[in-house]
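J.: Below you will find the structure I want to go over with you.
Each value in this text was obtained by applying a stated rule to the coordinates, not by laboratory testing. All of these numbers come straight from a predicted model, not from anything done at the bench. Positions of Cβ are backbone-derived with ideal geometry, glycine not excepted, and every protein chain shown enters the neighbour counts.
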Amino acid sequence: MQSILVIGAGIAGLLAAQDLQKRGFDVTVIDKGRGLGGRLATRRLEVDGRTGKADHGAQYITAYEPRFEALVREMERDGILRVWRTAPSSLGQSQRPRYIAPEGMTAVAKYCAKGLAVRLGERVVGLMSAAEGGWKVQTDKEATIHADALLITAPVPQALMLVDTLAHEVLSAAERMSLEAIQYEPSIALMFALLEGKTSQVKPPGMVFVGGVSVMWIADNQQKGISPDVATLTIHTTPSFAREHWETREEDLVPLLLADVQPYLSMDSIASYSLHRWRYSRVTAPHTELFLAAAGSAAPLVFAGDAFAGITPLLTRVEDAALSGWAAAEYLSSVGT
Ligand SMILES: Cc1cc2nc3c(=O)[nH]c(=O)nc-3n(C[C@H](O)[C@H](O)[C@H](O)COP(=O)(O)OP(=O)(O)OC[C@H]3O[C@@H](n4cnc5c(N)ncnc54)[C@H](O)[C@@H]3O)c2cc1C
């Protein structure tokens with residue numbers, strides 16, 4: 001095996017690709033998004049000629065495992081991450097710093113993508129087994145990419161949709177059942193940019209776990225240090241609110257959040273807002289292994305990403321995705337040499 005196509009330029013796909021490239025494989029990463037990072041996402045918000053930023057996916061990064069901690073420390077040394085505050089201990093784990101990226105979370109993805117061949121803005125729409133061995137992957141840009149092995153790090157329901165384009169079944173009944181058992185919760189992210197001179201009432205260091213009916217979390221990106229020129233807020237809804245209002249029009253959503261938001265933001269300070277719907281936000285029922293390799297597939301086909309968290313954290317994290325990507329790379333290199 002020589003060539004590997006990694007579907008997904010989130011943290012799992014990028015770290016797997018780096019690892020595989022270092023081991024001598026010919027690696028290409030492809031992502032439907034215009035930018036790198038997947039759920040490591042930062043949006044620009046323009047207000048009267050000033051540019052603000054808001055992280056609307058992952059808010060901070062924690063590190064518990066030595067390998068990921070070493071990467072986080074490396075990014076801290078290189079100015080990509082800095083400590084925001086300390087996370088309370090959970091599930092028997094000790095306290096750990098919460099790291100944020102001063103340039104926004106996408107900076108982490110850019111750092112992890114250094115030196116990789118990445119095709120952005122290109123969606124994989126179909127898979128075929130190649131007669132000569134390996135895979136033929138069709139994209140929405142009318143391209144066909146040949147690869148000896150495939151690593152799919154898209155959220156699992158999207159990965160299964162791709163597998164279902166194959167002319168033959170590659171998953172055993174047990175594999176399919178375990179993939180279909182993985183569950184995600186949705187979230188709607190609303191980003192507000194504030195008028196010049198206005199600030200929020202979120203207390204330092206710029207985060208509040210609201211735990212309300214509609215709003216779960218509010219972050220003040222200016223206090224967080226990623227949006228010095230414009231005060232911006234990121235609001236994450238609860239999963240139940242996101243489910244109930246998945247189809248609700250953008251302009252009708254804001255009034256529905258008022259009761260939970262008002263203690264932290266007066267409505268007359270809002271200059272503009274922007275919205276993102278995360279259908280697959282965080283994994284509530286992960287797979288128990290760090291990756292899944294389709295046993296019945298002639299050419300290697302591996303699934304990875306935060307859904308393959310191994311243990312069962314309450315909600316999966318950036319670190320889970322990273323560890324899964326590395327484990328999948330290790331596996332692919334072992335079958336490919
Ligand atoms: C609102 C929110 C808040 C969060 N907060 C935190 C937090 O504070 N701390 C924390 O640690 N974690 C947090 N997380 C979770 C964390 O962001 C994820 O666990 C992690 O980023 C997932 O990485 P990944 O590489 O597995 O998947 P992703 O980042 O989702 O990457 C998968 C990629 O696959 C691409 N893709 C899908 N289908 C196709 C296709 N057909 N063709 C091409 N590309 C495709 C997607 O575009 C995407 O970029 C949060 C997530 C969300 C959404």
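J.: When the Karplus curve 6.51 cos²θ - 1.76 cosθ + 1.60 is applied with θ = phi - 60°, which whole-Hz ³J(HN,Hα) does each residue of the stretch 327-333 get, with x for Gly and Pro?
T.: 5, 5, 5, 4, 5, 4, 5
J.: Still on this structure: Evaluate the relative contact order of the stretch 184-282 (contact order divided by residue number), counting alpha-carbon pairs under 8 angstrom at least 6 apart; express in whole percent. Walk me through the numbers on the way to the answer.
T.: Numbers: 189 pairs, mean separation 45.5, N = 99.
That works out to 46 percent.
J.: Enter the angle in degrees (range 0 to 90, nearest 10) between the Cα long axis of helix 250-261 and the first principal axis of the Cα atoms of the chain, meaning the one along which they spread out most.
T.: 60 degrees
J.: Further, regarding this structure: Any chance you could run the full-extension gain for V125 through E65? It's 0.36 nm times the residue separation minus the Cα-Cα distance, nm to one decimal. Mind showing how you got there, number by number?
T.: Working: separation 60, 0.36 × 60 = 21.60 nm, distance 3.49 nm.
Residue separation times 0.36 nm, minus the Cα-Cα distance, leaves 18.1 nm.
J.: By how many nm would the segment from R73 to I270 grow when fully extended, if each residue of separation counts as 0.36 nm and the alpha-carbon distance is taken off?
T.: Values: separation 197, 0.36 × 197 = 70.92 nm, distance 3.65 nm.
Extending this stretch completely gives an extra 67.3 nm.
J.: Per DSSP helix of 4 or more residues, -39500 (n - 2.57); summed, then divided by the residues of the chain. What does that give at 222 nm, rounded to the nearest 500?
T.: Numbers: 9 runs with 87 residues, N = 337.
Calculated at 222 nm, the ellipticity per residue is -7500 deg cm²/dmol.
J.: Listing Y184, Y111 from the residue with the fewest other Cβ atoms within 10 Å to the one with the most, what is the order?
T.: Numbers: Y184 22, Y111 19.
Least crowded to most crowded, the residues run Y111, Y184.
J.: Could you give the dipole magnitude of the chain about its Cα centre, charging the beta-carbon of Lys and Arg +1 and that of Asp and Glu -1, in debye to the nearest 20?
T.: Details: 32 positive and 37 negative charges, 143 e Å.
For this selection, approximately 680 debye.
J.: State to the nearest 20 debye the size of the charge dipole of the stretch 11-104 about its Cα centre, where the only charges are +1 on K and R beta carbons and -1 on D and E beta carbons. Don't jump to the answer; show the numbers that get you there.
T.: Values: 16 positive and 12 negative charges, 36 e Å.
With Lys and Arg at +1 and Asp and Glu at -1, about 180 debye.
J.: Which Cα, out of A309, T139, Q95, lies furthest along the positive dipole direction of the chain (beta carbon charges, K/R +1, D/E -1)?
T.: Q95
J.: If you don't mind, another one. Using only the alpha carbons of the chain, what is the convex hull's orientation-averaged projected area in square nanometres? Numbers along the way, then the final one.
T.: On the way: hull surface 70.0 nm².
The directionally averaged projection comes out at 17.5 nm².
J.: When the Karplus curve 6.51 cos²θ - 1.76 cosθ + 1.60 is applied with θ = phi - 60°, which whole-Hz ³J(HN,Hα) does each residue of the stretch 97-108 get, with x for Gly and Pro?
T.: x, 9, 9, 10, 9, x, 8, x, 4, 5, 4, 5
J.: Order these by the 10 Å Cβ neighbour count, fewest first: H236, H276, H56.
T.: Values: H236 24, H276 15, H56 27.
Placing the least packed residue first, the sequence is H276, H236, H56.
J.: Going Cα to Cα from K114, which lysines come in below 18 Å? Please leave out same-chain ones fewer than 8 positions away.
T.: Excluding near neighbours in sequence, the set is K22.
J.: Karplus couplings for the stretch 4-11 from phi (6.51 cos²θ - 1.76 cosθ + 1.60, θ = phi - 60°), rounded to Hz, Gly and Pro as x?
T.: So the J values, rounded to whole Hz, are 10, 9, 9, 8, x, 9, x, 4.
J.: Mind listing the long-range amide H neighbours of V47? Cut-off is under 5 Å, sequence gap 5 or more, other chains count too, H placed in the peptide plane at 1.01 Å from N.
T.: Result for V47 returns G52.
J.: A follow-up question, please. Please report, in cubic angstrom per residue, the volume enclosed by the convex hull of the alpha-carbon atoms of the stretch 184-282.
T.: On the way: hull volume 9.2 nm³, N = 99.
Expressed per residue, the convex hull around the Cα atoms of the stretch 184-282 is 93 Å³.
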